[in-house]
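So the structure is just underneath, and the comments pick up after that.
The values are calculated or read from the model by the stated rules, or taken from the named source; none is laboratory data. Just so we're clear, the structure is a prediction, and the values are computed from it rather than from any experiment. A quick note on method: Cβ atoms are made from the backbone with ideal geometry, for glycine too, and the neighbour counts reach across all protein chains shown. Each accessible area value is taken on the protein alone, full model and side chains, heavy atoms only, with ligands, DNA and RNA left out. Shrake-Rupley method; radii C 1.70, N 1.55, O 1.52, S 1.80 Å.
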Amino acid sequence: MQPAADRLPMSLPEYWDKYQPGRVERPAADLFQWSQFPGHGPGPELLGSPASVLELGCGPAAEAAYLARRGTRVTALDFSPVQIARARNWWVDLPGLALVEADACAWLDHGEETFDAAFSCWGAAWFVDPEELLPRVCRRLVDGGRFVVAHAAPGDVHGPQLMRGKWLEGRDSELRIHRYQYPPEAWEGMLKRAGFTHVSARVLPPPGNREVGTLIATARR
Ligand SMILES: C[S@@+](CC[C@H](N)C(=O)[O-])C[C@H]1O[C@@H](n2cnc3c(N)ncnc32)[C@H](O)[C@@H]1O
């Protein structure tokens, strides 16, 4: 007997389809931030002054839109059809922003276009094994091109971790997704092994008495 439709295993893109379901208003996209706290920490200057940028795991694509509004040519990808459809609806009028529905590693493998910079802001580089992702990103940057990754500061447990789906609303509550959390020195080692130079990683503490800091790693091809 077939399991009921609501008991079928959920794919990873389907999981991410449920990210921020209540977000119906287009983000203002008037700030570019790596941390969760508006105006806290560095901004887009970490990317240099790129003419072309690739974002990995864009979700609402607010950071991509911020850059495109300022004349940068941006390709922002996400493997969730719902995230990409919503972002396309929000940013349909914005020239210079291409929103692509694709898995990060698969897309990086099947193209030759290179970018002046690439980034992942709490995006795909948090959920894809960095040993798989980083060499692929490096290959798609111009010489000297910058890569920046930001995500929640790692706790005491490092490496791939199983994370319970928190937007599942009772469906397939057994789904677990991998999240890759490494301390700054491990990020630096992985980036160097992938072919990057000028490697630097640190944890930006949260402002005031807030709880979650931000790991920020930067590198150049
Ligand atoms: C926590 S959300 C962050 C989204 C956005 N960067 C933001 O700051 O709101 C992570 C995003 O990464 C995307 N993602 C995860 N793994 C991916 C992969 N292998 N390929 C492409 N996108 C991926 C998810 O679909 C999701 O939209």
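When every residue of the stretch 19-39 is checked against the conditions, none turns out to be without any contact (Cβ under 8 Å) to a residue 40 or more places away in the chain and not in a loop (DSSP other than H, G, I, E, B). For VAL92, the conditions (1) open to solvent by 70 Å² or more (accessible area, probe 1.4 Å); (2) touching a residue at least 24 places away in the same chain (Cβ under 8 Å) all hold with the exception of (2). If only residues of the stretch 117-139 that are away from the ligand (no atom under 14 Å from the Cβ) and open to solvent by less than 50 Å² (accessible area, probe 1.4 Å) are counted, the one that is nearest to the chain's Cα centre (by Cα) is ALA117. Filtering the stretch 47-72 to residues that are more than 12 Å from the ligand (Cβ to nearest atom) and either small (Gly, Ala, Ser) or open to solvent by 30 Å² or more (accessible area, probe 1.4 Å) (or both) leaves GLY48, SER49, ALA51, SER52, ALA68, ARG69, ARG70, GLY71. Evaluating ALA98 against the criteria (1) out of contact with any Ser or Thr (no Cβ under 7 Å at 6 or more places or on another chain); (2) surrounded by fewer than 19 Cβ atoms within 10 Å (Cβ to Cβ) leaves one unmet condition, (1).
Residues in the stretch 174-193 that are open to solvent by 20 Å² or more (accessible area, probe 1.4 Å) and among the hydrophobic types (A, V, I, L, M, F, W, C): LEU175, ALA186.
Scan the stretch 1-13 for residues that are modelled with pLDDT of 80 or more and either in a loop (DSSP other than H, G, I, E, B) or open to solvent by 70 Å² or more (accessible area, probe 1.4 Å) (or both) and report the count.
Start the filter on the stretch 1-13 by keeping residues that are modelled with pLDDT of 80 or more, which leaves 11-13.
Subsequent filtering for residues that are either in a loop (DSSP other than H, G, I, E, B) or open to solvent by 70 Å² or more (accessible area, probe 1.4 Å) (or both) retains 11-12.
Number of matching residues: 2.
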